[in-house]
Amino acid sequence: MALTEHIIMRELEVPTIADFNVYLQHEGYTAWRKALAELAPGDIVKMVRDAGLRGRGGAGFPTGVKWGFLPKDVKPRYLLCNCDESEPGTFNNHQIIDRNPHQLIEGVIISAYAIESNTAYIYARGEFATAAHTLEQGIAQAYAAGLLGKNILGSGYDLDVYVHRGAGAYICGEETALMESLEGKIGQPRLKPPFPAVEGLYGKPTIINNVETLANVPRIVLKGVDWYRSFGTEKSPGTKVFSLCGHVNKPGNYELPFGLPLRELIYSPEYGGGMTDDRPVKIIVPGGASAPWLTGEQLDLTLDYEALAAAGSMLGSGGVIVLNDTVSAPHVAYKMDEFFKHESCGKCTPCREGTHWLVKVLHRMTEEGHAHPEDIPVLHSIYNQMAGNCFCLLGESAVMPIKSALALFPEEFERLLPAGMNGRTNGKHVIELQQA
Amino acid sequence: MKTVKSAAPSTDNRWRIVDAAMRRLGFQPHALIETLHVTQETFGFLDEDALRYIAATLGVPLSQVYGVATFYRAFTLKPKGAHHTCVVCTGTACHLKGLPEILAALEAELGLSPGGSTPDGKAALMTARCLASCGLAPAAVFDGKMVGNLTSATALKRIRQWVEHES
């Protein structure tokens, strides 16, 4: 069943909601006015925590809890909106800004008020020139309407919101790398702890939230916790905008309450509309390229944080890539790891060298057709040396495609080996090589 | 507030645009990335004079300016040498939905390969790892405009228009 009321993709009910005046006519900034008039910052934090809003950027961490980590009485504090959406298969932030930008801006404003910050930054990925422009325009309209700036609506509260353009680096979606980039530096991640909530941008307490997370906030504040919890499951309340792509008839962004089966997203005529040419599903990457793969036999899994984690994968950013039986698993792993290799920032050795070698070996196996007899154990050995040893999640993510492909489709790798070498790929050999 | 300390590398009026961008951001070191964006949009690329001037004006070490200019993919230290650019997405979805065929057609019909330009130098072809438009796959950006559901025919048509209009 499609939603009759959307939380994020409200353009489906109000097609021109991207227009500031139309947004105002449809409860736009009502939540912000209500917050300023009736709610203390702590009340909003409590509402967001009680609503069970979880970070939509990938980790699914409870947003209200994160806001509670800020040390008391340390000012200034900063709110950062992470709009560096670059995860392969994920394209919902882009669409939110294009079609319902004011709800995001209102979310940024209310959230900044909730964490008692007077400065908020929206970090837009360098390639999103149009999105940055849309946001700047929307922010200017909010200033002109007295909803931003000094002494907002006579409340005594001041807030400035800035848009910062990135310059094309996937790593800047990592929160500490994003802060480095905002400070005008190379986007390489920082060591944690200290966590951003304690010591973030310019060494001050900082909260970083994803675009979709912040766009939820005005609706929670306006409609209340119970209304919000009427969507989704107990542990994953609300809705998620899933980006569906790959071999489906209708790729696109679809907002679903948490807890519906994967099958429904792919096959329902309201969403994916089935597989192209009715071919079977072979691989599903459910949360962007960083998520471990699922297979066509797992279509009954439900789309919520718990179910996908229990199946050994993750909901991640909600970018669902569906591939049919015509694809070669080693080739898909090669293409995905080529992305991670290219985007590795070079700070830590396991990621920089590991992604390089994964791609080198996969390239000779898949593209050149010159697999070496020992290539399968070598691949196992490389990703095992990366897993758990990388400085940030980029390197850990690069492990997922190759590890999944080898675990789920080992025979496809064996077929690439020189004739007569299939017996070389038993587990014993792998262990020997790791210990060597 | 600081003012422009060092003199612009030349009397080219376009430096005023760069100066204005730095002034708007208070000549702060954190204005570096935005300043590089504005400079590149104004001049097409970042040469050594530009890097030195920005470093001196923002009070940032030249090494950091060079590091940032080479770390981020948006910046280039060499002129593109083409009037028009097409950036094709090489992400997973675009690859699956027929990017290889499109690239093959551009190569065969126009002699255009990734990183290169048409023989007359009018159109350049570049690649991006993922343009975050997977729902529109295959996607490409033609002179700043996103085009989805690309086919070999539509890609060829757009680039041919550029080449023919200019001649």
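Values quoted throughout were computed directly from the atomic coordinates according to the rules given, and no laboratory measurement underlies them. Just so it is clear, the model here is predicted, and its values are computed rather than measured. Here the Cβ is made from the backbone with ideal geometry for all residues, glycine too, and neighbour counts use every protein chain on show.
Do we find a residue being more than 12 Å from chain A (Cβ to nearest Cβ) and crowded, with 20+ Cβ neighbours inside 10 Å anywhere in segment B:147-158?
The answer is yes, given that some residue of segment B:147-158 is more than 12 Å from chain A (Cβ to nearest Cβ) and crowded, with 20+ Cβ neighbours inside 10 Å.
Cβ-Cβ contacts under 6 Å between residues 6 or more apart (or on different chains), taken from a first residue in segment A:14-25 that is surrounded by fewer than 18 Cβ atoms within 10 Å (Cβ to Cβ) to a second residue that is hydrophobic (A, V, I, L, M, F, W, C), are listed as A:Thr16/A:Val22. Of the residues in segment B:25-47, at least one is more than 11 Å from every other protein chain (Cβ to nearest Cβ) and among the polar types (S, T, N, Q). Under the condition of being assigned to a loop (DSSP other than H, G, I, E, B) and in contact with a Cys (Cβ under 7 Å, 6 or more places away or on another chain), which residue from segment A:178-189 is farthest from the other protein chains (Cβ to nearest Cβ)? So the residue we want is A:Pro189. Evaluate segment A:133-143: report whether one residue or more is more than 30 Å from B:Val141 (Cα to Cα) and more than 22 Å from the chain's Cα centre (by Cα). Yes: one or more hits.
Scanning segment B:56-77 for residues that are more than 11 Å from every other protein chain (Cβ to nearest Cβ) and either among the hydroxyl-bearing types (Ser, Thr, Tyr) or crowded, with 19+ Cβ neighbours inside 10 Å (or both) yields a single hit, B:Thr57.
Within segment A:217-239, the set of residues being closer than 20 Å to A:Leu104 by Cβ and in a loop (DSSP other than H, G, I, E, B) comprises A:Phe231, A:Gly238.
Selection within segment A:306-338: residues that are assigned to a helix (DSSP H, G or I) and closer than 24 Å to A:Thr176 by Cα. The member of this set that is farthest from the other protein chains (Cβ to nearest Cβ) is A:Asp337. Highlighted here are the helices (runs of 4 or more DSSP H) found entirely within segment B:1-115 that include at least 2 residues which are β-branched (Val, Ile, Thr): B:14-24, B:32-43, B:48-58, B:62-71. Does segment A:297-304 contain at least one residue that is touching a His at 6+ places or on another chain (Cβ under 9 Å) and either buried (at least 20 other Cβ atoms within 10 Å of the Cβ) or among the charged types (D, E, K, R) (or both)? No, there is no match, as no residue in segment A:297-304 is touching a His at 6+ places or on another chain (Cβ under 9 Å) and either buried (at least 20 other Cβ atoms within 10 Å of the Cβ) or among the charged types (D, E, K, R) (or both).
Every residue, every condition in (1) of a type in the set (Phe, Trp, Tyr); (2) part of a loop (DSSP other than H, G, I, E, B); (3) under 30 Å from B:Cys130 (Cα atoms), yes or no:
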| residue | (1), (2), (3) |
| --- | --- |
| A:Val48 | no, no, no |
| A:Arg56 | no, yes, yes |
| A:Val65 | no, no, no |
| A:Lys72 | no, yes, no |
| A:Lys75 | no, yes, no |
| A:Leu80 | no, no, yes |
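Scanning for something assigned to a strand (DSSP E or B) and either among the aromatic types (Phe, Trp, Tyr) or buried (at least 23 other Cβ atoms within 10 Å of the Cβ) (or both), does segment A:190-206 turn up at least one residue? Yes, segment A:190-206 contains a residue that is assigned to a strand (DSSP E or B) and either among the aromatic types (Phe, Trp, Tyr) or buried (at least 23 other Cβ atoms within 10 Å of the Cβ) (or both).
Every test in (1) in contact with a Ser or Thr (Cβ under 8 Å, 6 or more places away or on another chain); (2) under 21 Å from B:Val65 (Cβ atoms); (3) within 14 Å of chain B (Cβ to nearest Cβ) is passed by A:Gly173 save one, and that test is (2). Once segment A:83-122 is narrowed to residues that are within 13 Å of chain B (Cβ to nearest Cβ) and assigned to a strand (DSSP E or B), the residue that is surrounded by the most Cβ atoms within 10 Å (Cβ to Cβ) is A:Cys83.
When the residues of segment A:339-358 are narrowed to those that are within 9 Å of chain B (Cβ to nearest Cβ) and surrounded by fewer than 19 Cβ atoms within 10 Å (Cβ to Cβ), which ends up nearest to the chain's Cα centre (by Cα)?
Of segment A:339-358, the ones within 9 Å of chain B (Cβ to nearest Cβ) are A:339, A:342-343, A:345-346.
After this cut, where a residue has to be surrounded by fewer than 19 Cβ atoms within 10 Å (Cβ to Cβ) as well, the list is A:342, A:346.
Numbers: A:His342: 19, A:Gly346: 22 Å.
Looking at residues that are within 9 Å of chain B (Cβ to nearest Cβ) and surrounded by fewer than 19 Cβ atoms within 10 Å (Cβ to Cβ), I get A:His342.
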